[in-house]
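This report refers to the structure that appears directly beneath it.
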Amino acid sequence: MKKLLVILGPTSTGKTDLGLNCAKKFNGELIACDSRQVYKKLDIGTGKLPSNFLPFAGAKLKGLDIGIGKLPGHKVRVEKGKGFWEMDGVKIWMYDVADTKNQYTVFDYVRDANRAIDEILKKGKLPIIVGGTGLYLKALLEGLPNLDIPINRSLRRRLEKLSKEELQKELQQISSDKWESLNGSDRQNPRRLIRAIELVSINDINTTAVGLMSTVGGKKLQTDMLKIGLTAPRKVLYQRIDKRVISRIDQGMIDEAKRLHKEGLSFERMRQLGLEYGVLADYLEGKITSIEELIKIMQGKIHGYARRQLTWFKKEEKVFWFDITEDGWQGRVESRVRSWYYSTHDKKN
RNA sequence: ACGGGAGUGGUGAAAUGGUAUCACGAAGGUCUCCAAAACCUUCUUUCCAGGUCCGAAUCCUGGCUCCCGUG
């Protein structure tokens, strides 16, 4: 049975660092599971670069393919632009697989990540999925029904003009079953309503809705999976987030956004890319006038994000959680992974 | 001490005397393709004490606190 390591948890807990360490020790490669790191050129704002990565003087980072810098202890060499990044000698897949101009979907993610995983397995290496985007992780590991019902652009274009009430009415008319199946908050959620209408209208046209599209490997590959979760008390999480926002600004996050806009990324699209980029768009457009304000707002937004991640991951099953504020957690994670990695018999949990 | 101004949720603001509102924040939640997204719920009774009025955050009196100017 193929082994697959998953590292999940809220932002700023050091998932990628742990992933890199595991990769070095257990001959692995990383697969990022993040809805924004998939986009090219969103490097600093999405945290593709380690947040404490300090470029050496002279090392060119901005929009280039290679950066050399240092982390607290050691030199790091970052290379990108080959379909994966290579950081400190470890390959990271699912960075830079899409253009910001196009919307990258969960479907795309599952397809592409499966390919990367297959390739890693073929080489006899350990795939390490490092994930913060709950939905993507779920889709990849468990599959989502209806995932193969594609986005219907023209339908969406029409529906997006409608008010919430109109959407509700339309869904009720087309399929009261679907409407009944939605919970109270989704019924108020235009985006969910649109997707629901999209789904049922395809069913009506009699297109077969295939069930579970994919699990790892494309064909229900049986895997021996170990899930490691990283977490920390709220307060600590917030502190780490706050610090990281500042260090990203030091790394040049604002310039990155400026450059992206100059290269044709509209502020509207930038907002769609969420969090940092949304706030940065406000800043560049003058809706936020000081860096202090920018920092505060950004920190607050990411606090909320971390909360939502915790809510989501709370329900994830069979996760071995580690609190990164407890001494020796890294040693414990490592021995946990080690015993799993070298076991020949499949673990029940 | 005197003159002037101000006291509304954690923060910043709003409310011709008429059911205390908004943003941010915090906490909880939803989740079958924008998911770092979108959405839902909760969080003050207006500095204190009196008074006027059918009715007060809003008007009056007193107290307390803060800010500005003068000494």
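Test A:GLU317 against the stated conditions and say whether it is at pLDDT below 90, out of contact with any helix residue (DSSP H, G or I) (no Cβ under 8 Å at 6 or more places or on another chain), under 22 Å from A:GLY9 (Cα atoms) and charged (D, E, K, R). If you could, list the steps in order and put the result at the bottom.
On the way: at pLDDT below 90: yes; out of contact with any helix residue (DSSP H, G or I) (no Cβ under 8 Å at 6 or more places or on another chain): yes; under 22 Å from A:GLY9 (Cα atoms): yes; charged (D, E, K, R): yes.
Yes: the conditions hold for A:GLU317.
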Would you call A:LYS296 part of a helix (DSSP H, G or I) and touching a Leu at 6+ places or on another chain (Cβ under 6 Å)? no
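Only one residue in A:ALA257, A:ALA306 is assigned by TED's automatic domain parsing to the domain that holds A:VAL333, buried (at least 18 other Cβ atoms within 10 Å of the Cβ) and more than 9 Å from RNA strand B (Cβ to nearest atom). Which one?
Details: A:ALA306 fails: more than 9 Å from RNA strand B (Cβ to nearest atom).
None of the others qualify; the one that does is A:ALA257.
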So the check is Cβ under 7 Å with 6+ separation or different chains; which pairs have a first residue in region A:305-321 that's in contact (Cβ under 8 Å) with a residue 60 or more places away in the chain and a second one that's within 7 Å of RNA strand B (Cβ to nearest atom)? A:TYR305/A:THR11; A:TYR305/A:LEU275; A:ALA306/A:THR11; A:GLN309/A:THR11; A:GLN309/A:GLY132; A:GLN309/A:GLY134; A:TRP312/A:GLY134; A:PHE313/A:GLY134
Pick from region A:93-129 the residues that are modelled with pLDDT of 95 or more and β-branched (Val, Ile, Thr): which of them is nearest to the chain's Cα centre (by Cα)? A:ILE129
The residue that is nearest to RNA strand B (Cβ to nearest atom), considering only those in region A:131-161 that are more than 20 Å from the chain's Cα centre (by Cα) and outside any loop (DSSP other than H, G, I, E, B), is A:ARG156
Looking only at region A:230-254, how many residues end up being loosely packed, with under 14 Cβ neighbours inside 10 Å and either among the basic types (Lys, Arg) or over 22 Å from A:THR16 (Cβ atoms) (or both)? 2
Could you figure out which of (1) over 24 Å from A:THR46 (Cα atoms); (2) within 16 Å of RNA strand B (Cβ to nearest atom); (3) surrounded by 12 or more Cβ atoms within 10 Å (Cβ to Cβ) isn't true of A:VAL333? (2)
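Can you tell me which residue within region A:9-34, out of those that are charged (D, E, K, R) and closer than 13 Å to A:LYS48 by Cα, is nearest to RNA strand B (Cβ to nearest atom)?
A:ASP34
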Could you please let me know if A:TRP329 is in contact with a strand residue (DSSP E or B) (Cβ under 9 Å, 6 or more places away or on another chain) and free of Cβ contacts under 8 Å to residues at least 40 places away in the same chain? yes
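Pull up region A:270-293, narrow it to residues that are among the β-branched types (Val, Ile, Thr) and touching a Leu at 6+ places or on another chain (Cβ under 7 Å), then point me to the one that is nearest to RNA strand B (Cβ to nearest atom).
Step one: of region A:270-293, the residues among the β-branched types (Val, Ile, Thr) are A:279, A:288-289, A:291.
After this cut, where a residue has to be touching a Leu at 6+ places or on another chain (Cβ under 7 Å) as well, the list is A:279, A:288.
Working: A:VAL279: 9, A:ILE288: 11 Å.
Once the filter is applied, the top-ranked residue is A:VAL279.
If we scan region A:133-143, do we find a residue that is within 30 Å of A:LEU18 (Cα to Cα) and at pLDDT below 85? Show your work before the answer.
Going residue by residue through region A:133-143, those that are within 30 Å of A:LEU18 (Cα to Cα) are A:133-143.
Checking the rest, the ones that are also at pLDDT below 85 come to A:143.
Yes, because at least one residue in region A:133-143 is within 30 Å of A:LEU18 (Cα to Cα) and at pLDDT below 85.
The values are calculated or read from the model by the stated rules, or taken from the named source; none is laboratory data. Worth saying up front: this structure is predicted, and the values here are computed from it rather than measured. Using ideal geometry, Cβ is built from the backbone for each residue, glycine included, and neighbour counts are taken over all protein chains shown.
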